[in-house]
Amino acid sequence: DAKTTQPTSMDCAEGRAANLPCNHSTISGNEYVYWYRQIHSQGPQYIIHGLKNNETNEMASLIITEDRKSSTLILPHATLRDTAVYYCIVRKLTGANNLFFGTGTRLTVIP
Amino acid sequence: DAGVIQSPRHEVTEMGQEVTLRCKPISGHNSLFWYRQTMMRGLELLIYFNNNVPIDDSGMPEDRFSAKMPNASFSTLKIQPSEPRDSAVYFCASSEFASSGGYTFGSGTRLTVV
């Protein structure tokens, strides 16, 4: 699976949009981009995934660049409860069965 | 839906003792995963099952670790004998099928071996 690069940490003001970037320049055509987050002392939580089209659900939006070499997870109105480590993961939908969690981005939402 | 249920929530044991961690996956999910999380190594996959059959146990650190899934609603991860370096948070996750990527994780078991 392709490797991802994320900033170590980010801050965001409460109520503002949080934009978390992820670089995956070696992504191949059959690899999806997944986002998970881990709130302190809890298990990881699935957020969203996509292949090449932008995706939106009740939690977040995922914007994938046209060349698919990078993506951005957007939390439209960050709350204090969104403070967590966010993991960007690239993996094939079939065959590979491991989710490789890197170091992620520690997002701190500030009141 | 109660989600993935793990027990115990915390476990403190002495070195050399046997430890058994338990997991109840979401009903209808046919894939189950055991992960371990430490500060040094982050989240690591230990083993996963499809339809109760172990598929990949390459992440199991050594023979002291074993995992079973006797039926679709129950799995155990056993460490015997336990060592201080086994101290970590152990997560169980399940999904409808292994390739979906949308895993649901339990709250974890924090294991401390003294």
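Each reported figure results from applying straightforward, stated rules to the coordinates on display, with no laboratory input. Treat the numbers as computed from the prediction; the structure is a model and nothing was measured. Please note: Cβ atoms are built from the backbone with ideal geometry, for glycine as well, and neighbour counts cover all protein chains shown.
Structure above, values below:
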quantity	calculated
Average projected area [Cα convex hull, chain A], square nanometres	6.5
Efficiency of FRET between B:Asn52 and A:Gln42 - r from beta-carbon atoms, R0 30 angstrom, step 0.05	0.65
When the protein assembly as shown is reduced to its Cα atoms, the Kirkwood hydrodynamic radius in Å	18.2
Sequence-distant lysines (8 or more away, or on other chains) whose Cα lies within less than 18 Å of A:Lys69	A:Lys3, A:Lys52, A:Lys92
Segment A:Lys92-A:Thr56, length gained on full extension (0.36 nm per residue, minus Cα span)	10.9 nm
Efficiency of FRET from Cβ geometry, A:Thr26 and A:His77, R₀ 41 Å, rounded to 0.05	0.80
Mean Cα-pair separation over length for chain A, i.e. relative contact order, pairs under 8 Å, 6 or more apart, %	37
Linear extension gain, A:Ile63 paired with A:Glu14, 0.36 nm per residue minus alpha-carbon span	15.5 nm
Å³ per residue enclosed by the Cα convex hull of chain B	92
Sparse-neighbour loop sites [GluC sites (Glu not before Pro); the range A:10-105; at most 10 other C-beta within 10 Å; DSSP]	A:Glu58, A:Glu66
Alpha-carbon centroids, the range B:22-86 and the range A:26-49: separation in whole Å	20
Partnerless cysteines, meaning none of the other Cys C-beta atoms lie under 4.7 Å away, in the protein assembly as shown	A:Cys12
